[in-house]
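All remarks here apply to the structure that follows.
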């Protein structure tokens, strides 16, 4: 790419609610000037950003790319292209592949595939226990040596409390943190569905929110007792949110994430067994939606993460009980959060930048990618007047298992730039 | 006013329910004649697909279909193992190729009949799916209830037992509510769903429930085998707290309260032997009405199989 000049865009940052209009000059992948009226010299590629928002690109710490093992659902290639399509320029993979990412060898394999197939940086988490079986500790040091920062058995909790405590005592001393999928299996139904009005109506045993809340509290207590750093994944309930708020006030070293789907949807959306609303933890109630939004605004939730979980159309077309858990999220997160919240004045771009770009990078030990002179170009240009239709053709993910399928929402990601490369231009 | 499928009671309008109950009456009259058959579904094919063991419901559907002159086939499917969704879908493809007109399906998993209905042109009748729905049972219950209470609105029905796992309790309660019947549930706290409709009263004490003075009591079959974490300590304790024991039966008979049960009954558990000879015990009537109600359903549904797929004229 030659030098790039973006004219008249309004610049978003995590610490300023106002969008400041300016021209931004990028040379050799670095932002060299942010001023009004930069001259469009010869040789510059000029993009008109009038009316558009120039925002730091997003970073998603909760991604299932299914490779190796389930490449029919997604690969690192299609998954990272989906990320770019959604304005996300860095991802952290979950280790529930087949085989699981539980050793240095598996981490190396992921890096090799990413090196070959991905246009954006790919980070991976590593298992706490071998094969995610909850029995023996995984090869933790080997993975940390290769840069793994997050240890998780995501998809499952570690059921054995002593094993989890030992893991925290052992690895809590290293430069890493734990991430918990919270669920007490004994309290869970056979399938991901909230216990409530809808589980009654559908005739399927539900999973009560306390299944998640008890495990969450358990894991935070263990982390607090051992001194380990802990991150709580995909919180779905009001009491879960309040549990984290309380522990933060107690000074626990805990962070937490909320997903767009737990903010936007609840059990009523399942209607007549619609598997596009089936994920674990399950969608809960409207009251929980409101509490989660409050938690996001208050900072109880440090980050937004999608839990992007692609499946094949065949799998999701099965009946509700047999269909697998999870929906995709990488391509829909920014636009859906803009459409439902930012466009309606519910929260600002600065909150989105903080929770979905800056904080996730900090959590992973990376520098945030602010739009500032001297910084590397890593941004998106977003058109608030545009719109996006999430058609099959639009989506780069192999998974089409999203409630947004074929919906048209306000806002459009028109440009994604990382360093010297324009990764996407619409 | 027609439908392709009958999957639950929830989605039926009150007029549709009343239409079906009205239709069942003339079919029942047929049973007293020497020839019990009408040619209504002559040339149509009915396939039964039961993934869960059943003798009563399966036979009832078979008799109903045969009395309408349909050809009935039983599709043998594995009943013991939990059947995976994949194989159900493959089965649907096979059924589609057989060009059957009606599929009657029972499955231990909620939502399977809906999945089949969406994938086939045949009419699908849900003969029970998991703890979700059993609409023909509800219709035969409504029909039976109306025979003793021609104006059901304002009457009271008490459903007793394992409501939580019971598709019968769900569908029958919903249907009765749609007919204006007041419905209450009685059972152990662990088996009476907390999240059921708010207009259904929930009792956990037998005497309290009887003070509500129901016009009919609907007993459910009680089973112990459900899960590793038991829902109640023992059948003995259940019977003591909720069973229609001899002593309780006397009071029921004195008040002239009707008794219903979807069958098969556990004598000595949810009810004592004497109930079976009680004049106002409607259990046998329910069985007979099941055939009439199912005939009405088969007669009412309209499959999408009849008027297409002819080769275009050259």
- Task: Return a yes/no flag: does the range A:223-241 have any residue that is more than 23 Å from the chain's Cα centre (by Cα) and under 30 Å from residue B:195 (Cα atoms).
- Result: no
- Query: Can you tell me how many residues in the range A:58-80 are more than 13 Å from the chain's Cα centre (by Cα) and either surrounded by fewer than 23 Cβ atoms within 10 Å (Cβ to Cβ) or assigned to a loop (DSSP other than H, G, I, E, B) (or both)?
  - Reply: 12
- Note on the structure: Of the residues in the range B:125-157, those that are crowded, with 24+ Cβ neighbours inside 10 Å and farther than 30 Å from residue B:101 by Cα number 2
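Yes/no matrix, rows are residues, columns are (1) within 15 Å of residue B:162 (Cβ to Cβ); (2) modelled with pLDDT of 95 or more; (3) in the same structural domain as residue B:276 (by TED's automatic domain parsing); (4) assigned to a loop (DSSP other than H, G, I, E, B):
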site	(1), (2), (3), (4)
B:183	no, yes, yes, no
B:193	yes, no, yes, yes
B:196	yes, no, yes, yes
B:202	yes, yes, yes, no
B:208	no, yes, yes, no
B:223	yes, no, yes, yes
B:226	yes, no, yes, yes
B:229	yes, no, yes, yes
B:233	yes, no, yes, yes
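Give B:150, B:39 a once-over and let me know the one that is more than 21 Å from residue B:10 (Cα to Cα), more than 19 Å from the chain's Cα centre (by Cα) and not assigned by TED's automatic domain parsing to the domain that holds residue B:169. Can you show your working first?
On the way: B:150 fails: not assigned by TED's automatic domain parsing to the domain that holds residue B:169.
Selected residue: B:39, the only one of B:150, B:39 that is more than 21 Å from residue B:10 (Cα to Cα), more than 19 Å from the chain's Cα centre (by Cα) and not assigned by TED's automatic domain parsing to the domain that holds residue B:169.
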- Which fully enclosed strands (runs of 3 or more DSSP E) of the range B:32-145 have 1 or more residues being at pLDDT 90 or above and farther than 30 Å from residue B:173 by Cβ? B:45-50, B:71-75
- Of (1) away from chain B (no Cβ under 14 Å); (2) under 14 Å from residue A:403 (Cβ atoms), residue A:273 fails just (1)
- Query: Restricting the search to the range A:162-188, which residues are closer than 23 Å to residue A:237 by Cα, touching a helix residue (DSSP H, G or I) at 6+ places or on another chain (Cβ under 7 Å) and either surrounded by fewer than 23 Cβ atoms within 10 Å (Cβ to Cβ) or within 14 Å of chain B (Cβ to nearest Cβ) (or both)?
  - Reply: A:183, A:184, A:187, A:188
- Do we find that residue A:33 is surrounded by 13 or more Cβ atoms within 10 Å (Cβ to Cβ) and at pLDDT 95 or above in this structure? yes
- Only listed residue being over 20 Å from residue B:170 (Cα atoms), more than 14 Å from every other protein chain (Cβ to nearest Cβ) and not in a helix (DSSP H, G or I), chosen from A:228, A:223, A:192: A:228
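The values are calculated or read from the model by the stated rules, or taken from the named source; none is laboratory data. If you're wondering where the values come from, they're calculated on a predicted model, not measured in any experiment. Please note: Cβ atoms are built from the backbone with ideal geometry, for glycine as well, and neighbour counts cover all protein chains shown.
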